[in-house]
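Heads up: the structure comes next, in structure tokens.
Please treat every number below as a calculation from the coordinates, not as lab data. Predicted model only: the values in this text are computed from it and were never measured. We place every Cβ from the backbone using ideal geometry, glycine too, and count neighbours over all the protein chains shown.
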Amino acid sequence: MSMLTMFSEKIMTLPPGVNASPSLRARDTSTSEVPAAGTYTSDLREARRRVHHEADVVIVGAGIVGCAAAVAFGKQGRSVILLERSLKEPDRIVGELLQPGGVNALEKLGLRDCLEGIDAIPCYGYQVSYHREPVHIAYPDNLITEKPSKKPEGRSFHHGKFIAKLRAAAQAAPNVTVVESTVTDTVKNGYTGQVLGVECQTKGEKDYYFGAVTLVADGYASKFRKEHLPHQPQVRSKFWGLEMIDAELPMPYHGHVILTDAPPILIYQIGTHETRILVDIPEGLPSASVKAGGVKNHMLNVVVPNLPECVRPAFKRAVEAGKLRSMPNSFLPPATQKTRGLIMLGDAMNMRHPLTGGGMTVAFNDVVTLTNLLSPQNIPNLEETDAVLAAMSKFHWARKDGSSVINILAMALYSLFAANNVHLTALKNGCFRYFQLGGRHISEPAGLLSGLIRNPAVLVFHFFSVAFYAVMCRARDVPVWKVPAAKFETWGQEGLNRIYIQEDEDLPFMEQVTDELPEDYELFRSGLLLGQDYVLMQNLTSEQVYHAWQMSDAEQRDICIRAAKARPDTRLRDENLYLNENERNAIRAVGEDDQEDMRFFIFDVRTDDSDNTGVVHYRSIPDLSVNIHAGRFQE
């Protein structure tokens with residue numbers, strides 16, 4: 001039976017309530033006009049797609065996956081219809097960094113030239129900075145066996161320019177017809193439930209496209225996922241993005257990950273003059289709350305102090321320009337697909353946190369795996385639905401080696417780098433120190449990150465190695481016989497009930513004293529010398545950090561400042577612009593060396609009416625957007 005006759009019969013058996021469009025009813029379905037099998041010319045195949053809207057494969061979405069799949073199937077001799085809602089160049093802040101493993105997959109698909117002519121920037125690895133201490137993570141150059149002498153290279157670029165090149169490649173590919181149309185629903189056989197094609201709106205009119213296989217690649221907001229897959233995306237946080245102009249990076253041609261006690265920051269160049277910065281903001285982050293001043297407050301008061309000095313000017317200009325954009329950071333585990341006639345691919349089927357930039361690498365490798373399994377050599381006729389379903393079961397497991405490594409690594413590193421408790425913070429410190437060991441401790445994790453190493457056993461090995469090394473670092477830095485961490489953590493969570501400020505006639509600024517310090521406070525102070533205070537201090541209030549700052553020597557004060565800068569409830573005042581006269585006097589009084597530090601300890605004062613001694617009591621304010629006014633106080 002010819003493909004045209006076959007789909008004509010399917011039209012006649014549409015499910016109840018679905019009627020063929022006038023254009024379909026008007027089509028001539030006479031078998032006398034259908035060439036015999038094997039006699040189709042390229043023009044006739046094109047006519048079959050354009051006039052009769054029938055193909056071997058109908059693809060929904062001309063994005064990363066859709067375009068690559070269309071080209072791959074078309075080169076195999078499959079007839080392909082590629083549907084896209086809008087063929088205008090997209091403007092998004094996702095899909096801008098392609099790891100070396102993705103570049104290799106793109107080359108296998110014959111699409112490597114899509115990286116040319118779009119002002120793409122080479123990427124040779126990462127610089128990870130932990131509390132301004134950097135470590136270089138280069139892509140290992142001994143993992144590309146095809147060309148051992150070639151240095152692994154990723155690429156970063158404007159997403160829209162890359163998509164435009166992929167769409168141009170799809171339009172130029174043999175056996176592919178690209179149509180601008182909005183897909184609204186799938187069309188199913190009313191008796192078997194098999195997906196036969198899709199219903200669309202084309203220039204305001206209802207239309208239909210039919211294929212032996214319908215491949216849905218409509219992205220993270222897929223309208224078809226809920227009906228056909230068991231899992232739905234879980235949003236962990238949002239990336240807020242800005243485009244910096246002429247930013248100076250500490251290490252050009254590298255991605256930059258900025259780690260502190262605040263959520264992580266990702267920076268990479270996407271053009272000759274443009275650099276993308278993505279700031280992770282979890283739900284409910286106090287420094288980004290409306291009361292605190294929103295996302296802009298977080299950018300200026302938390303992000304700016306943690307950025308490298310050379311990046312700050314460009315970042316401040318970008319913030320003032322006000323072109324903040326966001327995207328959800330989602331996790332969606334893959335599942336075996338069992339819907340007859342339907343395949344879901346890309347973000348519609350599987351997502352991971354974009355911190356590691358592995359999304360497009362997974363996508364292109366998925367296209368390579370899928371098109372190999374569905375090639376004419378393996379399945380001559382895609383109408384053999386049982387064979388296609390068997391191939392999809394193989395696809396689920398065949399992609400595991402590569403995709404699971406990138407997926408697990410992305411989610412694990414985000415959980416670690418965004419750590420907000422003592423134990424994960426200690427593990428984050430151990431991970432960073434592990435990278436500093438160099439050798440295979442950095443080359444193999446970099447190979448996993450880049451998509452060049454696809455062996456899950458290597459990932460498991462380094463996970464356990466990092467965990468054990470973190471324990472060693474913790475034991476070395478905080479010996480249990482000297483600093484009982486459990487006691488400090490408990491004390492930090494309970495906090496001090498009160499801290500008093502008393503006016504001292506000999507000191508223009510007020511001296512802070514306490515009346516309810518725990519017995520092991522001296523041990524806590526000695527713990528500052530071990531450099532682990534920013535682990536212990538994260539459970540302390542800002543007042544407690546301030547107290548430690550006052551009672552410490554110069555070296556310990558520097559540690560306290562590092563802890564204070566990372567706290568969301570500590571606001572850095574921009575120079576002296578927002579300080580009142582008392583606050584300015586207080587800052588001048590502490591001496592030039594401490595003036596910059598003092599700006600981190602400006603909190604709202606709350607007087608205690610029950611006390612007439614002139615002592616001013618203050619506590620943490622619930623919304624954490626607080627400042628202490630120093631100076632003389634009157635009733």
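Quick notes on this one:
- Amide proton proximity set for Val187, modelled H, under 5 Å, gap of 5+: Leu196, Gly197, Val198, Glu199
- Contour minus Cα-Cα distance for Lys316 and Phe468 (0.36 nm per residue): 50.7 nm
- For peptides 317-324, 74-81, 110-117, sequence by mean Cβ density within 10 Å, most packed first: 74-81, 110-117, 317-324
- Whole-Hz ³J(HN,Hα) from phi, Karplus 6.51 cos²θ - 1.76 cosθ + 1.60, for the range 165-176, glycine and proline x: 5, 5, 5, 5, 5, 5, 5, 8, 6, x, 6, 10
- Sequence of Thr361, Thr177 once ranked by neighbouring C-beta atoms within 10 Å, starting from the fewest: Thr177, Thr361
- Across the range 234-331, Cα pairs under 8 Å and at least six residues apart give a relative contact order of 42 percent.
- On the principal axes of its alpha-carbon atoms, the range 403-473 has extents of 32, 24, 16 Å, going from largest to smallest.
- Taking amide H as placed 1.01 Å from N in the peptide plane, Ser326 has its amide H under 5 Å from the amide H of Gly241, each at least 5 places away in sequence or on another chain.
- Among the listed pairs Lys88/Lys226; Lys203/Lys338; Lys238/Lys291; Lys323/Lys428, a Cα-Cα separation exceeding 22 Å is found for Lys88/Lys226; Lys203/Lys338; Lys323/Lys428.
- A simple spin-label model places the labels of Ala390 and Ala475 5.4 nm from each other, with each point 7 Å out along Cα-to-Cβ.
- Using the Cβ-Cβ distance between Glu133 and Lys291 with R0 set to 45 Å, the FRET efficiency from 1/(1 + (r/R0)^6) comes to roughly 0.85.
- Over the range 239-382, the reciprocal of the mean inverse Cα-Cα separation, the Kirkwood hydrodynamic radius, stands at 17.8 Å.
- Residue exposure sequence - Val290, Val71 - by fewest surrounding Cβ within 10 Å: Val290, Val71
- Computed from the Cβ-Cβ distance with R0 of 25 Å, the FRET efficiency linking Lys223 to Leu44 stands at 0.15.
- Once backbone amide H atoms are built at 1.01 Å from N, Ile343 has Thr214, Leu215, Val216 as its partners under 5 Å, excluding neighbours fewer than 5 places away on the same chain.
- Under Karplus coefficients 6.51, -1.76 and 1.60, residue-wise ³J(HN,Hα) of the range 178-183 in Hz, glycine/proline x: 9, 10, 8, 7, 9, 7
- 3J(HN,Hα) couplings calculated from phi for the range 270-279 with the Karplus curve 6.51 cos²θ - 1.76 cosθ + 1.60 (θ = phi - 60°) are, in sequence order, 10, x, 4, 10, 10, 9, 8, 10, 10, 10 Hz; Gly and Pro show x.
- Residue order, fewest to most surrounding Cβ atoms within 10 angstrom, among Thr192, Thr339, Thr214: Thr192, Thr339, Thr214
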